[in-house]
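A.B. asks: Please see the structure below; I have some questions.
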Amino acid sequence: IIMKVDNEKIFLIGMMGSGKSSIGLKLSRLMNVSFYDTDDIIGVPKFFNKNLQDFRDRELNTVSTISSLYQKCIISTGGGSVLNKQARDIMGKYYCIYLKTSITVLIERIINQKINRPIINYDANGQINKNHFINLFKSRAIHYNKLSNLTIITDNLSEEEIVDKIKNAILKNAI
């Protein structure tokens with residue numbers, strides 16, 4: 001797959017656990033372009049645990065820096081990056097793919113990943129506070145939907161099927 005513009009970028013957006021990192025890596029290999037994971041670049045959870053505003057500032061700076069590179073690439077963003085208007089403005093200039101995953105599947109994946117997610121509220125019994133998670137999801141989904149050039153519902157798809165859907169959409173739209 002060849003992107004037609006030398007500095008074209010594809011941003012993968014969606015909630016934590018939606019598969020942005022793994023899909024982005026597979027997609028970048030298929031397309032033979034660079035892959036950037038903003039969470040990895042910033043160092044989640046190192047910075048996230050210290051100060052949420054500092055983390056969001058670093059996230060914006062990372063999105064801005066990557067978008068200014070004159071190269072084709074795939075960028076996996078943090079789930080909350082869409083909360084920053086400046087970051088949305090940058091991502092909105094490029095092709096955004098929303099990996100849409102149901103709340104039930106997201107919670108299941110997050111539990112199975114056994115990764116500390118600092119933004120998630122946990123109940124006293126160690127379970128994810130579903131009401132808090134639903135509110136987090138709703139506050140972000142508005143932005144995901146507005147930014148999205150392509151939405152893929154990931155619930156019942158393998159990573160390969162998701163990558164294939166993206167590949168077909170890119171070929172069809174010739175971005």
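The values are calculated or read from the model by the stated rules, or taken from the named source; none is laboratory data. Everything quoted here is computed from the prediction, not taken from an experiment. Cβ placement follows ideal geometry from the backbone for every residue including glycine, while neighbour counts extend to all protein chains displayed. The accessibility values were calculated without ligands, DNA or RNA, using every heavy atom of the protein model including side chains. Shrake-Rupley method; radii C 1.70, N 1.55, O 1.52, S 1.80 Å.
A.B. asks: Out of ILE111, ILE152, ILE166, ILE142, I need the residue that is closer than 16 Å to PHE11 by Cα and assigned to a helix (DSSP H, G or I). Which one?
C.D. replies: Among ILE111, ILE152, ILE166, ILE142, only ILE166 is closer than 16 Å to PHE11 by Cα and assigned to a helix (DSSP H, G or I).
A.B. asks: Test each condition in (1) crowded, with 19+ Cβ neighbours inside 10 Å; (2) without any contact (Cβ under 8 Å) to a residue 40 or more places away in the chain; (3) among the hydrophobic types (A, V, I, L, M, F, W, C); (4) over 22 Å from PHE35 (Cα atoms) for ALA124 and report the one that comes out false.
C.D. replies: (1)
A.B. asks: Would you check if TYR94 is among the aromatic types (Phe, Trp, Tyr), open to solvent by less than 50 Å² (accessible area, probe 1.4 Å), under 27 Å from GLY43 (Cα atoms) and in contact with a helix residue (DSSP H, G or I) (Cβ under 6 Å, 6 or more places away or on another chain)? Don't jump to the end; show me each part of the working.
C.D. replies: On the way: among the aromatic types (Phe, Trp, Tyr): yes; open to solvent by less than 50 Å² (accessible area, probe 1.4 Å): yes; under 27 Å from GLY43 (Cα atoms): yes; in contact with a helix residue (DSSP H, G or I) (Cβ under 6 Å, 6 or more places away or on another chain): no.
Spelling it out, it is not the case that TYR94 is among the aromatic types (Phe, Trp, Tyr), open to solvent by less than 50 Å² (accessible area, probe 1.4 Å), under 27 Å from GLY43 (Cα atoms) and in contact with a helix residue (DSSP H, G or I) (Cβ under 6 Å, 6 or more places away or on another chain).
A.B. asks: Please indicate, with yes or no, whether at least one residue in segment 105-128 is of a type outside the set (Gly, Ala, Ser), under 18 Å from LYS20 (Cα atoms) and modelled with pLDDT of 90 or more.
C.D. replies: yes
A.B. asks: Just to check your reading of the model, which residue among LYS85, LYS100 is surrounded by 12 or more Cβ atoms within 10 Å (Cβ to Cβ), within 16 Å of ILE13 (Cβ to Cβ) and of a type in the set (Lys, Arg)? Let's see the steps before the verdict.
C.D. replies: Numbers: LYS85 fails: surrounded by 12 or more Cβ atoms within 10 Å (Cβ to Cβ).
Testing whether each residue is surrounded by 12 or more Cβ atoms within 10 Å (Cβ to Cβ), within 16 Å of ILE13 (Cβ to Cβ) and of a type in the set (Lys, Arg) leaves just LYS100.
A.B. asks: Okay, next question. If you scan segment 149-175, which residues turn out to be polar (S, T, N, Q), surrounded by fewer than 19 Cβ atoms within 10 Å (Cβ to Cβ) and either over 17 Å from VAL105 (Cα atoms) or touching a residue at least 12 places away in the same chain (Cβ under 8 Å) (or both)?
C.D. replies: In the first step, residues of segment 149-175 are kept if they are polar (S, T, N, Q); the result is 149, 151, 154, 156, 158, 168, 173.
Restricting the remaining residues to those that are surrounded by fewer than 19 Cβ atoms within 10 Å (Cβ to Cβ) gives 149, 151, 156, 158, 168, 173.
Selection gives ASN149, THR151, ASN168, ASN173.
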